[in-house]
Amino acid sequence: KQESSGCDEGPKGKMTLLLALVALISAFGSSFQYGYNVSVINSPAPFMQDFYNRTYLNRTGVPMDSSFQTLLWSLTVSMFPLGGFFGSLMVWPMVNNCGRKGTLLINNLFSIVAAILMGTSEVAKTFEVIILSRIIMGIYAGLASNVVPMFLGELSPKNLRGAIGVVPQLFITIGILVAQILGLNSILGNATGWPVLLGITGIPSLLQLLTLPFFPESPRYLLLQKGNEEQARRALQKLRGWDDVDDEIKEMLQEDRSEKEEGQFTVFSLCTFRGLRWQLISIIVMMMGQQLSGINGVFYYADRIFQSAGVDSNSVQYVTVSIGAINVVMTLVAVFIVESLGRRILLLAGFGFCCVSCAVLTLALNLQNTVHWMSYVSIVCVIVYIIGHAIGASPIPFVMITEMFLQSSRPAAFMVGGSVHWLSNFTVGLVFLYMEAGLGPYSFLIFCAICLATMVYIFFIVPETKNKTFMEINRIMAKRNKVEIQEDKEELGDFHTVPGGQAEKKEIFSSGL
């Protein structure tokens, strides 16, 4: 499927059927629903608000006043990213105690409960349940958005890690597209169909709950955190499709030795540890850049931009679907090019496209009343923006968290990265309407500046990680952090104290090797 990565030196990892299946099942069962629930309430919004109104009227005998309705609706929308933030906070304890696969399985319960509650809310005549379910769904998505990339990144051979790492993002975009299609007025986006639309989100979870137990747990988790070499070896042999996995086991043990003295990182120790300083800053910058670069704003504006270009208001929903489709296609392209072009190029190109299209969009939106062809320019900008976000800004940061951290710090890093991701998402959702009211089209200049700043940072700081082992990436970053990495016995001769650290414990090596 994705073997054309152009990096097949010797018996490097190939895409085995098992690896492809576990990637598809974990991405469809978890990431898909993140995307689905991001966009599912956009099209049935008027019918749901009407239901809120009717329920309130039946209970109190007075109609709901509009400010209360606005409050309830913004809660319905924003509880999802808030739940996502809480979900991210659960990543570290859960993946360390239950394993990566175990966390995904337990997580499905959140989604199934929320789906049942949302699907039956109309019959039960309660809108509070919808708002509660949005929080539960958010917690689900917060865990899923972090655990799936971590799980798949740890299962993949290094020459497929990028391609497989983009798969969760591909399924997020497919989820968005499916929700847009099912939400068309003629399908489920109507007065009778919306509870079904909200309820079917439980189906992928159910499928994952039934199938994922038959697949192996992350070999790195089994070996480095559970200390079970036999199980790890068996899992690797299954995933790689051959018996000789000694090199990978050796590489994992080497990684284990190099980080023995630090133990498992908590979020606090991660934030204060000098040896991971630039990695931490990098993922925070990339995650903020990803969410604050205005993707929500562009989606929000898309309908209006197309209407002003003369698209009939009944057809606008089909235009939204076509944008969703472009998003999917370009993310699929990213799956195939991330191994040949590398992560840096895609990040720089992605944020570059977004930056330029935001700048031109500001101009076009301001001039479209005076210059008639400007509205077509804004359509092109929206499309270029979506392409840029889909090839770089959306998928790559999650791949980079997996790659820039070793086993002991990865869960804490995902927790930090995920929390930043969801808090930024929540902030944009909250602030954008006010920004739009105050600044109008000029709000895109802020997004343009954020994209530019992220791009400059990536250009100077973030290294290329394509086709490197986690240890090699760690060595590159250690130079940037100005710390030494302790490795094997041969290199111990010229070993000296890490600046600001303490002399390394040499016993680990003699006994460990």
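The values are calculated or read from the model by the stated rules, or taken from the named source; none is laboratory data. Remember, it's a predicted structure, so these values are computed and weren't measured experimentally. Here the Cβ positions follow ideal geometry from the backbone for every residue, glycine too, while neighbour counts run over all protein chains shown. Surface areas here come from the heavy atoms of the whole protein model, side chains and all, with no ligands, DNA or RNA. Shrake-Rupley method; radii C 1.70, N 1.55, O 1.52, S 1.80 Å.
Put the Cα centre of region 78-142 next to the Cα centre of region 37-63 and the gap is 21 Å.
Computed over protein heavy atoms with a 1.4 Å probe, the accessible surface of region 16-215 works out to 34 Å² per residue. To the nearest 0.05, how large is the calculated FRET efficiency for residue 318 and residue 253 if R₀ is 45 Å and r is the Cβ-Cβ distance? For R0 = 45 Å, the calculated efficiency reads 0.25. For residue 218, the residues whose modelled amide H falls within less than 5 Å of its own, excluding neighbours fewer than 5 places apart on the same chain, are 100, 101. Phi angles of region 208-215 translate, via the Karplus equation with coefficients 6.51, -1.76, 1.60 and θ = phi - 60°, into HN-Hα couplings of 5, 4, 7, 9, 4, x, 7, 9 Hz per residue; Gly and Pro are given as x.
Report, in debye and to the nearest 20, how large the dipole of the chain comes out about its Cα centre when Lys and Arg carry +1 and Asp and Glu carry -1 on their Cβ. Let's see the in-between values first.
Numbers: 35 positive and 37 negative charges, 109 e Å.
In debye, rounded to 20, the chain gives about 520.
Between residue 434 and residue 266, residue separation times 0.36 nm minus the direct Cα-Cα distance comes to 56.8 nm. Sort region 384-433 into rounded, prolate or oblate with this rule: let a ≥ b ≥ c be the square roots of the eigenvalues of the Cα gyration tensor; rounded if a/c is under 1.5, and if a/c is not under 1.5, prolate when a/b is larger than b/c, oblate otherwise. Taking the square roots of the gyration eigenvalues as a ≥ b ≥ c, region 384-433 is oblate. Accessible area per residue was computed with a 1.4 Å probe on protein heavy atoms; residue 304 scores about 100 Å². Given in Å, the Rg to one decimal and the Dmax to the nearest whole number for the Cα atoms of region 269-483 are 18.5, 60. The ellipsoid equivalent to the alpha-carbon distribution of the chain has semi-axes of 41, 26, 21 angstrom, derived from the gyration tensor eigenvalues as √(5λ) and listed largest first.
Applied to region 132-146, the Karplus parametrisation 6.51 cos²θ - 1.76 cosθ + 1.60 on θ = phi - 60° returns per-residue 3J(HN,Hα) values of 4, 5, 5, 5, 4, 4, x, 4, 4, 5, x, 5, 4, 5, 9 Hz, with x for Gly and Pro.
Would you mind giving the three semi-axes, in whole Å and largest first, of the ellipsoid equivalent to region 54-159 according to its Cα gyration tensor? Mind showing how you got there, number by number?
On the way: eigenvalues 257, 37, 18 Å².
Output for region 54-159: semi-axes of 36, 14, 9 Å.
The stretch between residue 45 and residue 371 holds 114.0 nm of extra length on full extension. This uses 0.36 nm per residue minus the Cα-Cα distance.
Once the 1.4 Å probe is applied to the protein heavy atoms, region 269-483 comes out at 37 Å² accessible per residue.
From the Cα gyration tensor of region 208-334, with a ≥ b ≥ c the square roots of its eigenvalues, which class applies: rounded if a/c is under 1.5, or else prolate if a/b is larger than b/c, or else oblate? Walk me through the numbers before you get to the answer.
Numbers: a/c = 3.70, a/b = 1.84, b/c = 2.01.
Verdict is oblate for region 208-334.
Here is how the number arises for the chain: DSSP H runs of 4 or more residues each give -39500 (n - 2.57), the sum is divided by the residue count, and the result at 222 nm is -23000 deg cm²/dmol.
Exceedance of the 22 Å cut-off in Cα-Cα distance is limited, within the set 158/250; 226/466; 238/260; 250/468; 260/466, to 226/466; 238/260; 260/466.
Applying the Karplus relation 6.51 cos²θ - 1.76 cosθ + 1.60 with θ = phi - 60° to region 29-38 yields 3J(HN,Hα) values of x, 10, 5, 3, 6, 4, x, 4, 7, 5 Hz, where x marks Gly and Pro.
Once a ≥ b ≥ c are taken as the square roots of the eigenvalues of the Cα gyration tensor of region 16-215, is the result rounded (a/c under 1.5), prolate (a/b larger than b/c) or oblate (a/b not larger than b/c)?
Verdict is prolate for region 16-215.
Expressed as a whole percent, the accessible area of the chain that falls on carbon and sulfur atoms is 67 (1.4 Å probe).
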